[in-house]
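One structure is given below, represented as structure tokens, and several questions about it will come after.
What follows draws every value from the coordinates through simple rules; no lab data is involved. Everything numeric here is computed off the predicted structure, so don't read it as measured data. Using ideal geometry, Cβ is built from the backbone for each residue, glycine included, and neighbour counts are taken over all protein chains shown.
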Amino acid sequence: MATERELTMAKAIAEAIDQEMERDERVFVMGEDVGIYGGIFGATQGLYEKYGGERVMDTPISETAFIGAATGAAAEGMRPIVELMFVDFFGVCMDQIYNHLAKNTYMSGGHAHYPVVLTTAIGGGYNDAAQHSQCLYSIFAHVPGLKVVVPSTAYDAKGLMISAIRDDNPVMYFFHKGLMGLGWMKYHPRSVTPVPEEPYTIPFGQADIKRPGNDVTIVSLAMMVHRALDAADELAKEGIEAEVIDLRTLVPLDKETVVNSVKKTHRLLVVDEDYHSFGMTGEIAAIVAEEALDYLDAPIRRLAVPDVPIPYSRPLEQFVLPSAERIAATVRSMME
Amino acid sequence: MNLSKDQLLAMYRQMWTIRHFEDEMAAAYMEGKTPAFDIGSGPVPGEMHLAAGQEPVAVGTCMHLRKEDTVVGTHRPHHFAIAKGIELNKLAAEIFGKVTGLGKGKGGHMHLFDVEHKFSCSGIVGASFPPACGAALAAKKMGKDWVAVAFAGEGAANQGAFHEALNLAALWKLPVLFIIEDNSWAISVAKHQSTAIPDNSQRAAGYGIPGVRVDENDVLAVYEVVGEAVQRARRGEGPSLIEVKTDRLYGHFQGDPEVYRPKDEVAKLKANDPILRFGNQLLEQGMATQQELDAARDAAKADVDAAFAYARQSPYPAPESALEDVFV
């Protein structure tokens with residue numbers, strides 16, 4: 001059956017873009033090495049061969065120019081998908097993103113539309129050090145006007161990408177390198193899933209309960225969803241049933257699924273590969289404290305990168321990234 | 001130059017519309033701000049950057065543009081907006097923060113958006129170049145002969161965005177014009193203190209595109225040079241860089257003490273006012289009578305007065321509407 005066909009996340013993303021380019025001639029792709037190379041992380045593989053250099057455009061290393069150009073092209077009715085390789089590189093063009101792409105709709109009183117999808121790679125775990133391993137999605141979720149998508153599986157990646165392309169607002173789409181299913185980088189096998197061949201959408205703002213459970217709620221996204229699921233498997237052997245929630249989108253955020261889960265399990269652990277302070281874990285903790293404090297049987301716990309740049313050396317990097325073992329140990333301590 | 005009498009008078013009238021608009025705005029801006037200047041008080045709060053003296057660049061350029069052509073302006077945007085044809089009432093109302101404004105009062109003086117007239121601007125120096133490239137790219141992709149114009153001050157030509165955009169536009173042969181208004185001052189820093197060459201249009205050579213300098217703050221001189229660049233762009237021959245020497249009669253912002261500016265500079269500039277010179281030129285060449293010039297000037301004043309009255313009497317937005325329009 002078609003739905004049993006399994007894809008890597010990279011192939012699922014490329015297929016989503018392909019199907020939308022076929023459906024809508026206003027959709028085009030630009031970025032560094034998105035053409036013949038097919039994207040450094042494979043998100044545009046096969047598109048250049050099919051659509052050519054006019055619709056799959058390799059750009060110079062000029063992020064301010066080509067991301068600003070995406071904004072300008074979107075204002076004219078085009079629907080650009082623009083890739084900026086690593087999220088770590090966004091500093092060079094932040095003005096065009098957080099001052100223009102994110103704000104122009106509001107400043108125009110809702111009259112001007114910017115249907116841009118901005119894609120980039122996140123995450124560490126392969127010793128690429130501090131300038132190539134960050135997540136940073138919370139920075140963009142913090143600025144009003146950008147939708148923020150962070151998938152963890154191939155199925156989600158395709159549906160969320162099609163939703164992103166059809167959205168009339170700017171969408172930032174983050175894919176984790178360790179989930180793309182690349183031949184040259186170890187990836188979590190659970191990110192490879194059955195993916196329907198036909199186009200489908202996944203609405204933004206709907207978290208996915210990746211594993212139901214009654215004893216503790218673990219909220220996460222991207223690679224940490226899989227680490228949480230690995231931990232939940234271990235905990236189940238000890239009779240602890242963890243509910244693992246994959247947020248899938250940070251903006252809009254599905255508060256309801258999180259709050260309802262905590263009301264059921266009475267315990268909350270938030271796991272993030274982004275920095276600890278002022279980030280996603282604090283946001284989720286605050287929401288639960290505001291809306292479900294009376295339901296908690298244990299203090300809210302957070303696991304995230306402990307406010308240091310991602311280190312290079314393998315034991316150092318493994319120490320700062322939340323592991324399945326640390327997640328399991330934290331849950332055990334919450335059950336006491 | 002094939003300009004009819006009607007077109008010349010229209011240019012003259014438009015320059016006066018801009019000048020009256022800026023003068024009315026200068027006066028309205030100071031209401032409630034004296035004797036002690038408080039930037040947040042009065043009917044027009046926030047910063048205010050006026051373009052009196054810089055009318056030739058906007059009018060000389062936009063005479064060549066159609067509604068379908070895109071203009072991206074700067075933090076000093078009123079003259080571009082008016083020349084591009086934005087409705088004066090909506091423009092004034094936006095600057096007064098009223099619900100009837102272009103962006104329902106959410107953008108204000110530095111952030112004017114008019115989808116219908118394809119106009120936008122930005123409060124960030126140098127930020128106009130990339131989106132203009134994008135508009136030009138879209139026109140090319142859609143097979144239209146539309147052009148895009150990015151305006152910027154001479155200080156913005158030192159921004160990375162300028163150089164990236166020129167390279168991209170040249171590489172992709174985009175129908176875009178980069179037009180630099182050289183008013184000699186980047187706030188208080190003189191051009192020679194920030195740019196090693198006297199003429200930014202020379203920088204075009206680095207990207208293999210035409211670069212032209214217009215040395216006079218003259219609307220017809222701008223019209224002529226821009227005309228060639230627009231035609232070139234419409235023919236699919238790619239971008240151009242144009243720098244125009246112009247004069248900022250007021251401070252960088254209203255309330256700017258201008259301690260950096262030589263005391264006699266403004267007096268000299270006013271003696272060489274580009275609108276008065278243009279009017280005299282039309283008289284000398286027999287293209288218009290004094291009566292016709294006066295009528296154009298009065299009509300411009302009436303338009304501006306009506307726009308300010310509309311802005312003043314328009315209601316403020318409901319406070320809770322602040323929560324709307326983040327997404328469409």
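So how long is each side of chain A along the principal axes, counting just the alpha-carbon atoms, biggest first, in Å?
60, 44, 43
From the phi of every residue in the stretch A:101-115, what ³J(HN,Hα) in whole Hz does the Karplus formula 6.51 cos²θ - 1.76 cosθ + 1.60 yield, where θ is phi - 60° and glycine or proline is x?
Whole-Hz 3J(HN,Hα) from phi for the stretch A:101-115: 3, 6, 10, 5, 4, 5, 5, 8, x, x, 7, 9, 10, 10, x.
Among B:P175, B:G32, B:L241, flag the residue with its Cα farthest along the positive direction of the charge dipole of chain B, charges on Cβ as +1 for Lys/Arg and -1 for Asp/Glu.
B:P175
Quick one: which residues, 5 or more positions from A:V27 or on another chain, have an amide H under 5 Å from its amide H? H modelled 1.01 Å from N in the peptide plane, none for Pro or chain starts.
For A:V27, the qualifying residues are A:R79.
A further question on this structure: Can you tell which of B:M15, B:M287, B:M110 shows the greatest fluctuation in a Gaussian network model of chain B with Cα springs below 10 Å?
B:M287
Which lysines, on any chain, are close to B:K90 with Cα under 16 Å apart, when same-chain ones fewer than 8 places away are left out?
B:K98, B:K104, B:K106, B:K118
A further question on this structure: Using 0.36 nm per residue of separation minus the Cα-Cα distance, give me the extension gain between B:D264 and B:N2 in nm, one decimal.
Gain in length upon complete extension: 90.6 nm.
Further question on the same structure: Compare A:S152, A:S191, A:S108 in a GNM of chain A, Cα atoms joined below 10 Å, and give the one with the largest fluctuation.
Sorting by GNM fluctuation, first place goes to A:S108.
Okay, moving on. Based on DSSP H assignment, which helices of chain A show an axial Cα extent of at least 20 Å together with a mean Kyte-Doolittle hydropathy greater than or equal to -1.0?
Counting only whole DSSP H runs, the qualifying helices are A:9-23, A:223-237.
What is the average number of partner chain Cβ atoms found within 10 Å of a Cβ in B:171-183?
1
Another question, if that's okay. Under a 5 Å amide H to amide H cut-off, with H placed in plane at 1.01 Å, what residues pair with B:T70 once short-range neighbours are removed?
B:V147, B:A148, B:V149
Check the straight Cα-Cα distances from A:K263 and name the lysines below 26 Å, setting aside those fewer than 8 residues away within the same chain.
Hits, sequence-local ones excluded: A:K210, A:K237, A:K255.
Could you tell me, in Å, what Rg and Dmax come out for the Cα atoms of the stretch B:98-176?
Taking only Cα atoms of the stretch B:98-176, I get Rg and Dmax of 13.9, 42 Å.
Moving to a separate point now. How large is the charge dipole for the protein assembly as shown, taken about the Cα centre, if only the Cβ atoms of Lys, Arg (+1) and Asp, Glu (-1) carry charge, to the nearest 20 debye?
So the dipole magnitude of the protein assembly as shown works out to roughly 480 debye.
Over all distinct alpha-carbon pairs, what is the Kirkwood Rh of the stretch A:6-194 in angstrom?
When all Cα pairs of the stretch A:6-194 are included, the Kirkwood radius is 16.3 Å.
Moving on. Of B:A205, A:Q318, B:H49, which is farthest towards the positive pole of the protein assembly as shown's charge dipole, taken about the Cα centre with +1 and -1 on the beta-carbons of Lys, Arg and Asp, Glu respectively?
Farthest towards the positive end: B:A205.
Answer rounded, prolate or oblate for chain B, using the Cα gyration tensor with square roots of eigenvalues a ≥ b ≥ c: rounded when a/c is under 1.5, else prolate when a/b is larger than b/c, else oblate.
In terms of gyration-tensor shape, rounded.
Okay, moving on. Using 0.36 nm times the number of residues separating A:S313 and A:E197, minus their current alpha carbon distance, what extension gain do you get?
Full extension of this stretch gives 37.7 nm more.
Can you find, among A:Y275, B:A58, A:I162, the residue farthest towards the positive end of the dipole of the protein assembly as shown? Put +1 on the C-beta of Lys and Arg, -1 on that of Asp and Glu.
It is B:A58, whose Cα lies furthest towards the positive end.
Count neighbours as other Cβ atoms within 10 Å of each site's Cβ, and list the GluC sites (Glu not before Pro) in the stretch A:200-261 that are DSSP loop with at most 16 such neighbours.
Filter output for the stretch A:200-261: A:E238, A:E241.
Can I ask one more? If you take the square roots of the eigenvalues of the alpha-carbon gyration tensor of the protein assembly as shown and sort them as a ≥ b ≥ c, do you get rounded (a/c under 1.5), prolate (a/b over b/c) or oblate?
In terms of gyration-tensor shape, prolate.
Continuing with this model, one more query. 5 Å is the cut-off here: which amide hydrogens, built 1.01 Å from N in the peptide plane, fall below it relative to A:G39, excluding neighbours closer than 5 in sequence?
The answer is A:V34, A:T44.
May I pose another question? In 10 Å bins starting at zero, report the fraction of Cα pairs in the stretch A:114-224 per bin as a rounded %.
Over the stretch A:114-224, the share of Cα pairs per 10 Å bin runs 13, 42, 35, 10, 0 percent.
Test of understanding: express the Cα radius of gyration of the stretch B:1-93 as a ratio to 2.2 N^0.38 Å, with N the residue count.
1.22
If you find the alpha carbon centre of the stretch B:158-172 and of the stretch A:315-336, how far apart are they in angstrom?
Spelled out, the Cα-based centre of one part sits 48 Å from the other.
Quick one: A:M334, A:M223, fewest Cβ neighbours within 10 Å first, how do they rank?
Final ranking by Cβ density, sparse to dense: A:M334, A:M223.
Take the Cβ-Cβ distance between A:L296 and A:A236 as r, set R0 to 25 Å, and report the resulting FRET efficiency rounded to the nearest 0.05.
According to the calculation, E is roughly 0.65.
In the Gaussian network model of chain A, springs joining C-alpha atoms below 10 Å, which of A:L296, A:L316, A:L182 carries the largest mean-square fluctuation?
The residue that fluctuates most here is A:L316.
For the stretch A:131-171, what does the alpha-carbon gyration tensor say about shape, rounded, prolate or oblate, given a ≥ b ≥ c as the root eigenvalues, a/c under 1.5 as rounded, and a/b over b/c as prolate?
Judged from the Cα gyration tensor, the stretch A:131-171 comes out oblate (a/c at least 1.5, b/c at or above a/b).
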